[in-house]
Structures are given as C-alpha cells and as structure tokens.
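Peer 1: Quick one: the structure is below, questions incoming.
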Amino acid sequence: MTSILLAIMGWDPKGWEQRFRALAPQHDIRVWPDAVGDPADIRYACVWKPPAGLLAGFPNLKAILSLGAGADDLLADPELPDVPVVRIVDPDLTMRMTEYVVLHVLMYHRRQRLYDAQQRERRWLEHSQPVASEVVVGIMGLGVLGTSAAQMLQRIGFKVVGWSRTPKALPGVEAFHGARGLEPFLRQSEILVCLLPATPATRGIVNLDLLHKLGRHGALQGAYLINAGRGALQVDADILAALEEGSLAGAVLDVFPTEPLPIESPLWGHPKVTITPHNAAQAVPQTLAMSVLQQIDRIERGHPPENTIDRAIGY
Ligand SMILES: NC(=O)c1ccc[n+]([C@@H]2O[C@H](COP(=O)([O-])OP(=O)(O)OC[C@H]3O[C@@H](n4cnc5c(N)ncnc54)[C@H](OP(=O)(O)O)[C@@H]3O)[C@@H](O)[C@H]2O)c1
C-alpha cells in the first residue's frame, strides 16, 4: 500500500478525496491538514497551492503532482523537495481551455457584445462581418493548451499564428519563436490569446509595449486580448491604459496578478473588459484524478513520470 497525500488550498478537497478513494482503493489516501499521519509514510504529494515549506516536511517523497496545469506556485517554494514535479495534462482540461478560447474569439469575431447592447436598446441593425480566414488569431504559448486551441480555431476557419520559446511545426500555423520572433508574431495578431506559463522569462510580458505592437488594422479593425495563462504575465495598469487610448479594443481576462481580483480594481467595471474567475479550464476531480493516479502508477512500475516540470526554465 502506497501513501498518497492530498494537500489542497483554495478548492474543496472533498471531491478529490472521494475520487482518489474510489479509483485507488489499494492506496492509503491521507488528506492535509487533518489526516496526514506519519509524514515519513507519504510517497506522493498531490497538491494545489500548498503553503510554502509544507512539502519539505515529508522526507520520503518520490514525486509531487500538481493538480493543475501550471506549477509556478509550487516552484516559488524555496524549500521544495528535490523530487520530480509533475503537472496535469488531461484531455478534459485541454478541451475546456479550447472551449474558452473559441468562445471568446467568436464573441469578438461575431461582435456579440455589440448585438447584446443593441438588444437592450431594441435596435435591429446588422453589421458587416469579416471572413474568418482574414482574421488572424495569435496564440502565445504553443504547448498542450495553445496547440489544441490553435487547431480548433483553424478548423473553424481562422488564420492562426503562434509563438513559443523553441521552434514549432504545426500544420497550417505560422509559428514564431524566441525574442526575435515576438514582434513579427504580434504585428500579425489581431486577437492575442495568451496561454504561456508564468516563469521568470514571461512575467509582465503583456505590457503596454507589447500591446502597441498588435495588428490593429486587420479584418477586425482593432486589437483584442484574451489572457487565460497566468495573471503574472499581465500588467493590469497597462491593459487599462491600452483600452483607454484605444490601442486595445477589448480584453477577456481569466487570470490576474492578484486573485481574487480586488473589488476596487477598475477592470471590474470597464465596459471593454470581460472577467472570469480563473476558471477558463476548471480542474475537476471526476476526470483529472485518473490522470494523476496514472502518473503515480507509472512511477510505481519503474517508469519516469510524464509531463515533468523543468525547474531550470520554470515550466
Ligand atoms: N486559466 C486557467 O484555467 C488555466 C488552466 C490550465 C492552465 N493554465 C495556464 O496555461 C499555461 C500553459 O499550459 P500548457 O499545458 O499549454 O503548458 P505547456 O504545454 O508547458 O506549454 C507552454 C508553452 O509556452 C511556451 N513558453 C514558455 N516560456 C516561453 C517563453 N519564455 N517564450 C515563449 N514561449 C514560451 C512554451 O514554449 P516551448 O513549446 O518552446 O516549450 C510552450 O509552447 C499553464 O502554465 C498555466 O499557467 C491556465
């Protein structure tokens, strides 16, 4: 019997505990903070935002498994034990993010907010709509989530360009990479979709300078931002400034430097901003617990885990 710890902050751990117990009755499931038992028993820690220093208290850990796709919070722990850190890659999580991206790209492309406003005024007025193939969506981060969103957007007709750290070849997607590829990527992008991880290299990347480089004279006649990566990527004040001066026509924000978004933030009431509470791709135990347990199973069978975080680059 292998002892697995669930340490979850900010979400209700009950559903995770039930799902782990149902799927892995052969394992000993312990739940932080009340039912940890002897810390020396614990081999795997399955975590979401555990307090810094907590994991250092388990001397026999074989791996840490993040219950979310990002691991930036974990890597910020200066006492993080030196064992593999595994992040979630799961078809359900990926599809949820693809839904979010497609939903909001279409909201801009089909000018749905304009029609919502007209409906409130009982106005029957049709506006022209560009051909999807003339609208360029730029995906920052061509990883698991960015690739899936790019492929779906292509299937419904959009022109897709992408940007990543290392070179990528995705059929039909014009791919740019690295510092030199950033500006030509941005110049084409009318709707910028940010699906980067938060790392030392990406913090604050969505700033006024970057927003000024977006393509504002394409088919949509304006530039739009969708950030569903991490809040640390964006500078809220710069997004507001870009909206005020008109260089940005709209922003959909799922993530923020401070979460929950403080009640006094001017983003809340801004007419060109759409806010969601960091749920673009909700992590639900029904599907994700199985992905986590599969990685534990791999390690137990002597195989290296998949989807490990490279601590040197931060994702
Ligand atoms: N809002 C939500 O609900 C939610 C849910 C899940 C995940 N997320 C966020 O989404 C992020 C992406 O997830 P994922 O599974 O797609 O991650 P991933 O597979 O690791 O992909 C990350 C992508 O970002 C690129 N990248 C990283 N650093 C870069 C840099 N300095 N310059 C240019 N490109 C860079 C990577 O480039 P390479 O391909 O060259 O490595 C890769 O294409 C997660 O880290 C998490 O923060 C948010």
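The values are calculated or read from the model by the stated rules, or taken from the named source; none is laboratory data. It should be emphasised that the depicted structure is a prediction, and the values quoted were computed from it without experimental measurement. Because the Cβ atoms are built from the backbone with ideal geometry, glycine has one as well, and the counts that use them run over all protein chains shown.
Peer 1: Scan (1) in contact (Cβ under 8 Å) with a residue 24 or more places away in the chain; (2) within 13 Å of the ligand (Cβ to nearest atom) for the single condition residue 275 breaks and write down its number.
Peer 2: (1)
Peer 1: Out of (1) among the aliphatic types (A, V, I, L, M); (2) modelled with pLDDT of 95 or more; (3) surrounded by 15 or more Cβ atoms within 10 Å (Cβ to Cβ); (4) in a loop (DSSP other than H, G, I, E, B), the odd one out for residue 263 is which?
Peer 2: Here residue 263 clears every test but (3).
Peer 1: Here is a further query. Pick from segment 93-134 the residues that are touching a residue at least 40 places away in the same chain (Cβ under 8 Å) and of a type in the set (D, E, K, R): which of them is surrounded by the most Cβ atoms within 10 Å (Cβ to Cβ)?
Peer 2: Among residues in segment 93-134 that are touching a residue at least 40 places away in the same chain (Cβ under 8 Å) and of a type in the set (D, E, K, R), the one surrounded by the most Cβ atoms within 10 Å (Cβ to Cβ) is 96.
Peer 1: Collect the residues in segment 79-110 that are within 18 Å of residue 149 (Cα to Cα), of a type in the set (A, V, I, L, M) and not in a helix (DSSP H, G or I), keeping them in residue-number order.
Peer 2: 88, 89
Peer 1: Would you confirm, using the coordinates I've provided, whether residue 48 is touching a residue at least 12 places away in the same chain (Cβ under 8 Å), crowded, with 18+ Cβ neighbours inside 10 Å, within 18 Å of residue 314 (Cα to Cα) and of a type in the set (Phe, Trp, Tyr)?
Peer 2: The answer is yes for residue 48.
Peer 1: Within segment 219-244, can you find the residues that are more than 14 Å from the ligand (Cβ to nearest atom), in a strand (DSSP E or B) and closer than 17 Å to residue 262 by Cα?
Peer 2: none
Peer 1: Inside segment 164-203, can you point out the residues that are part of a loop (DSSP other than H, G, I, E, B) and within 9 Å of the ligand (Cβ to nearest atom)?
Peer 2: 165, 166, 167, 168, 195, 196, 197, 198, 199, 200, 201, 202
Peer 1: Whether any residue in segment 67-78 is of a type outside the set (Asp, Glu), in a helix (DSSP H, G or I), touching a helix residue (DSSP H, G or I) at 6+ places or on another chain (Cβ under 9 Å) and within 16 Å of the ligand (Cβ to nearest atom) is what I want to check.
Peer 2: Yes; the residues of segment 67-78 include at least one that is of a type outside the set (Asp, Glu), in a helix (DSSP H, G or I), touching a helix residue (DSSP H, G or I) at 6+ places or on another chain (Cβ under 9 Å) and within 16 Å of the ligand (Cβ to nearest atom).
Peer 1: Cβ-Cβ below 6 Å, separation at least six or inter-chain, first residue in segment 296-312 and under 13 Å from residue 89 (Cβ atoms), second of a type in the set (Val, Ile, Thr): which pairs?
Peer 2: Pairs that qualify, where the first residue is under 13 Å from residue 89 (Cβ atoms) and the partner is of a type in the set (Val, Ile, Thr), are 305/86; 305/299; 307/86; 307/89; 308/86; 309/85.
Peer 1: Among the residues of segment 51-66, write down those that are surrounded by 22 or more Cβ atoms within 10 Å (Cβ to Cβ), within 23 Å of residue 286 (Cα to Cα) and either among the β-branched types (Val, Ile, Thr) or more than 16 Å from the ligand (Cβ to nearest atom) (or both).
Peer 2: Passing the criteria: only 64.
Peer 1: Also: When you scan segment 277-296, do you find a residue that is in a helix (DSSP H, G or I) and in contact with a Cys (Cβ under 6 Å, 6 or more places away or on another chain), even just one?
Peer 2: There is at least one residue in segment 277-296 that is in a helix (DSSP H, G or I) and in contact with a Cys (Cβ under 6 Å, 6 or more places away or on another chain).
Peer 1: Please tell me if residue 276 is surrounded by 13 or more Cβ atoms within 10 Å (Cβ to Cβ), under 19 Å from the mean Cα position of the chain (by Cα), closer than 30 Å to residue 247 by Cβ and β-branched (Val, Ile, Thr).
Peer 2: yes
Peer 1: Report, by residue number, each residue of segment 229-248 that is closer than 11 Å to residue 205 by Cα and of a type in the set (Val, Ile, Thr).
Peer 2: 235
Peer 1: Is it fair to say residue 147 is among the polar types (S, T, N, Q), within 9 Å of the ligand (Cβ to nearest atom) and either assigned to a loop (DSSP other than H, G, I, E, B) or closer than 17 Å to residue 132 by Cβ (or both)?
Peer 2: no
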